[in-house]
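The values are calculated or read from the model by the stated rules, or taken from the named source; none is laboratory data. All figures in this text were calculated on a predicted structure; none of them were measured in a lab. Cβ: placed from backbone, ideal geometry, glycine included. Neighbour counts: every protein chain shown. These accessible areas exclude ligands, DNA and RNA; they are computed on the full protein's heavy atoms, side chains included. Shrake-Rupley method; radii C 1.70, N 1.55, O 1.52, S 1.80 Å.
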Amino acid sequence: MTQHEEKCLVTGLTLGLMLALFTYAAIRLWHPDRSAAQSQESPILKYESAPEQPTSQRREQVPADGAVSSIQLNQKEQIDIGVETVEVRRRNLQRSLMAVAKVDEPETQLASISARIAGRIDKLYLDFTGQQVHRGQTIASLYSPEVFSAAEEYRLSLENRKRLGTGAEPLAVSGAEDLVNASRRRLELWGLTTQQLDEIASSAKPQIELPIYSTVSGIVTERKVTQGQYVSAGEILFTVTDLSTIWVKADVYQPDLPAVRTGQSVEITSDSLPATTLRGRVGFLDTSINPQTRAASVRIEVPNPSMRLRPGMFVQVKFAAPAEHDVLAIPRSAVLDTGMRKFVYVAKGNGEFEGRQVQLGAAGMDYYPVLAGLKEGERIVSQGSFLIDSQTRITGGMTGMFGGSKEFDHAQADRGQADQGQAQAPAIPQIKFTFRSDPETPRGNSDATLHVTMFDASGKPVTDVQVEVTLIMPAMPAMGMGEMRAATDLTWKGSDYAGTIKIPSAGSWNVEVNASRNGQLLGSHHTRLNAQ
């Protein structure tokens, strides 16, 4: 074997060994070792045979009776969360739906003013958009060679009839009369007035200017011509919009649609119209839902004789709905809405709270009517249900958050061990909140004074906590508006906590009141504030 052949052999062996090592490494990277696979279950088999998940991880599997999950809290944990319960009972519900809307031009009140004949715009009497115009008003004058020729024909037909006199043949007189009438009618259709026709008849060389009149009253919203411009027959010169009746368009979300109907009365308020309430009626309800916003467009027709509403303005609308009497109802604050379903937490006694899916009607101002899922006389959580629900989703109960809660164990409850978790910190009295605004219905873009009072379980005022109030208005993508927030800290004034906040705009605001001491949240209160 030659030296060259030896080198080739060594090189080939080296490359082969490297290729084998690379292949082995790739197999180990993409596939588990076969010997290990023989001694262990496959990942799929391990997943399928994994131990049963904790209840808090299985709560979306709703049983047939509507129960979602159960959890038990001792007395201190309920106080820490600020749990409050109310009895499910029948009420008289006052319903109203408020929404932010935008003023728009009425599509049915748009009119185009065009030239009846080709010619040159000699004079223009409307100079700018936004100018008021009245029906029958002269807006321009046009010179047209075709009109000039027709005027000359009319003058000659008059002279021809005059020359025939009374002694002419009746047929000739009739023909001359028909020619005069046809020439005159042609000029009238082009817009010439009686005075201009008389001037043609009396002048040897008439100066003909064809007037162009506005066919409607309204506001000039578009100008498409300038003085001296040549235009064609039928060419649009101006667009005029009659704003004596205006359109107000609002987006109504899917759950609120049953409260809106065609012909329904609507109240309209605006920051730019202080102490003024306008009224309109629903003229059209969109037949489809916007897939992005899950809302339908509602068109409200509003009389606008004094031009108080102008296109582009944002206003607040309130749909009036008939009151419902003797309806089984629960507070809005008690309902947790996942988007797919709604549920509440029912107080079962002995610190046990059971999540239960419910069917609800369209919301009133403060209450939901109950269609199914609850019975009269049951007690449900009205405050604190969000924290209870959050804990049912956490494996291991409330130990990490409140120091001792656990998901409800009936066997353990029978052994009297429901309160085995002991508090590390001193007990905090349960807080009762009251909230009010001065004025009660503030105006958007103005200041309001907020008042909060708090009492512990014994009825003693709580005076040594930090109170923060946050106003929240959800985003409305269809209107191009994002979420709005405003917050302020209240201070103790001797009788209550008070502070001033600027309401960013009119609308229905969610109010969140948080009370804390040394950084620890003692309780929360949720309500609503309507601003005009």
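Values for this structure:
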{"item": "Test: residue in region 144-153 that is modelled with pLDDT of 85 or more and buried (at least 18 other Cβ atoms within 10 Å of the Cβ)", "result": "no"}
{"item": "Within region 235-259, tally of residues that are buried (at least 20 other Cβ atoms within 10 Å of the Cβ), more than 30 Å from R120 (Cβ to Cβ) and hydrophobic (A, V, I, L, M, F, W, C)", "result": "6"}
{"item": "Number of positions in region 322-351 that are among the acidic types (D, E) and surrounded by 17 or more Cβ atoms within 10 Å (Cβ to Cβ)", "result": "1"}
{"item": "Wholly within region 310-372, strands (runs of 3 or more DSSP E) carrying at least 2 residues that are in contact with an Asp or Glu (Cβ under 8 Å, 6 or more places away or on another chain) and of a type outside the set (G, A, S)", "result": "314-320, 324-331, 342-349"}
{"item": "Any hit, region 175-191, residues being of a type outside the set (S, T, Y), part of a strand (DSSP E or B) and touching a Ser or Thr at 6+ places or on another chain (Cβ under 8 Å)", "result": "no"}
{"item": "Yes/no for L142 being part of a helix (DSSP H, G or I), of a type in the set (A, V, I, L, M, F, W, C) and either closer than 30 Å to I208 by Cβ or free of Cβ contacts under 8 Å to residues at least 60 places away in the same chain (or both)", "result": "no"}
{"item": "Residues of region 91-110 satisfying the condition of being among the hydrophobic types (A, V, I, L, M, F, W, C) and either without any contact (Cβ under 8 Å) to a residue 60 or more places away in the chain or surrounded by fewer than 16 Cβ atoms within 10 Å (Cβ to Cβ) (or both)", "result": "L110"}
{"item": "Residue in region 502-518 that is touching a Pro at 6+ places or on another chain (Cβ under 8 Å), touching a residue at least 40 places away in the same chain (Cβ under 8 Å), open to solvent by less than 30 Å² (accessible area, probe 1.4 Å) and closer than 30 Å to T277 by Cα present", "result": "yes"}
{"item": "Meets criteria (of a type in the set (S, T, Y), surrounded by fewer than 20 Cβ atoms within 10 Å (Cβ to Cβ) and within 20 Å of the chain's Cα centre (by Cα)) for T262", "result": "yes"}
{"item": "Leading residue by the ranking (farthest from I219 (Cα to Cα)) among those in region 291-320 that are loosely packed, with under 15 Cβ neighbours inside 10 Å and touching a strand residue (DSSP E or B) at 6+ places or on another chain (Cβ under 8 Å)", "result": "R294"}
{"item": "Meets criteria (touching a strand residue (DSSP E or B) at 6+ places or on another chain (Cβ under 6 Å) and at pLDDT 50 or above) for K460", "result": "no"}
{"item": "Matching residues, region 192-210, being outside any loop (DSSP other than H, G, I, E, B) and open to solvent by less than 20 Å² (accessible area, probe 1.4 Å)", "result": "L197, I200, L210"}
{"item": "Region 72-90: number of residues that are in a strand (DSSP E or B), buried (at least 18 other Cβ atoms within 10 Å of the Cβ) and at pLDDT 85 or above", "result": "2"}
{"item": "Given (1) buried (at least 17 other Cβ atoms within 10 Å of the Cβ); (2) in contact with an Asp or Glu (Cβ under 7 Å, 6 or more places away or on another chain); (3) modelled with pLDDT of 85 or more, index of the condition I431 fails", "result": "(3)"}
{"item": "Residue within region 159-171 that is open to solvent by less than 80 Å² (accessible area, probe 1.4 Å), in a loop (DSSP other than H, G, I, E, B) and in contact with a strand residue (DSSP E or B) (Cβ under 8 Å, 6 or more places away or on another chain) present", "result": "no"}
